[in-house]
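Here's the structure, in structure tokens; my notes come after.
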């Protein structure tokens with residue numbers, strides 16, 4: 001039996017802890033997400049968890065980075081694989097709607113709420129959320145083949161992101177799936193019309 005190198009085991013343990021931290025944030029919120037709970041979910045001892053992340057703040061600060069990169073990775077993976085033609089705008093809007101209703105968004109939302117009353121956490125969350133916002137905007141423009149130098153395009157794309165985020169927020173308390181689909185379908189039609197005014201389209 002070939003033993004896994006120590007460095008690989010350490011990396012795998014760290015990855016399990018970060019994934020478990022995201023799961024905990026999404027499922028039990030910030031107040032219920034302790035190092036012990038995360039360690040148990042990850043299948044490692046509390047001591048092993050503290051070896052990688054000496055404090056709770058260390059663990060969840062690293063989880064912020066993890067959440068950020070995972071959210072962007074999912075978006076990069078989903079947006080390029082969209083149908084051409086008239087259905088493309090609707091597919092982009094639907095993909096964004098799903099991004100803001102999944103586990104990663106729920107985890108990030110818990111970090112936002114905690115950061116609102118924790119200046120140290122806020123100092124870490126704000127720049128990472130800004131990074132997500134910039135990259136999401138860029139990827140959306142790319143997926144729509146839209147040129148934001150044309151009047152109204154940048155605002156229309158930003159409104160799309162704000163709408164998807166707001167609908168995702170509403171979904172955290174009740175299952176808003178049917179209404180969200182109707183709203184996103186209507187917005188897709190409006191966005192298509194706005195982009196169709198692009199002189200280069």
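The values are calculated or read from the model by the stated rules, or taken from the named source; none is laboratory data. Note that this is a predicted model, so its numbers are computed, not measured. Here the Cβ is made from the backbone with ideal geometry for all residues, glycine too, and neighbour counts use every protein chain on show.
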Could you check, for region 98-105, whether at least one of its residues is assigned to a helix (DSSP H, G or I), under 11 Å from the mean Cα position of the chain (by Cα) and either closer than 21 Å to residue 16 by Cβ or modelled with pLDDT under 85 (or both)?
-> yes
So residue 191, is it at pLDDT 90 or above and within 17 Å of residue 94 (Cβ to Cβ) = yes
Taking region 73-90 and keeping only residues that are part of a helix (DSSP H, G or I) and surrounded by fewer than 18 Cβ atoms within 10 Å (Cβ to Cβ), one is left with 73, 74, 76, 77, 85, 86, 87, 88
Has region 43-54 got any residue that is within 22 Å of residue 176 (Cα to Cα) and in contact (Cβ under 8 Å) with a residue 40 or more places away in the chain?
-> no
Does residue 128 fit the bill of being in contact with a helix residue (DSSP H, G or I) (Cβ under 6 Å, 6 or more places away or on another chain), within 21 Å of residue 182 (Cβ to Cβ) and in a helix (DSSP H, G or I)?
-> no
Index of the failed condition, residue 115 passing every other in (1) within 17 Å of the chain's Cα centre (by Cα); (2) more than 16 Å from residue 64 (Cα to Cα); (3) surrounded by 15 or more Cβ atoms within 10 Å (Cβ to Cβ); (4) without any contact (Cβ under 8 Å) to a residue 60 or more places away in the chain = (2)
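Considering 124, 88, 134, which residue is without any contact (Cβ under 8 Å) to a residue 12 or more places away in the chain and either more than 20 Å from the chain's Cα centre (by Cα) or within 19 Å of residue 71 (Cβ to Cβ) (or both)?
Numbers: 124 fails: without any contact (Cβ under 8 Å) to a residue 12 or more places away in the chain; 88 fails: without any contact (Cβ under 8 Å) to a residue 12 or more places away in the chain.
It is 134.
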Report, by residue number, each residue of region 141-163 that is farther than 13 Å from residue 195 by Cβ and buried (at least 16 other Cβ atoms within 10 Å of the Cβ).
-> 161, 163
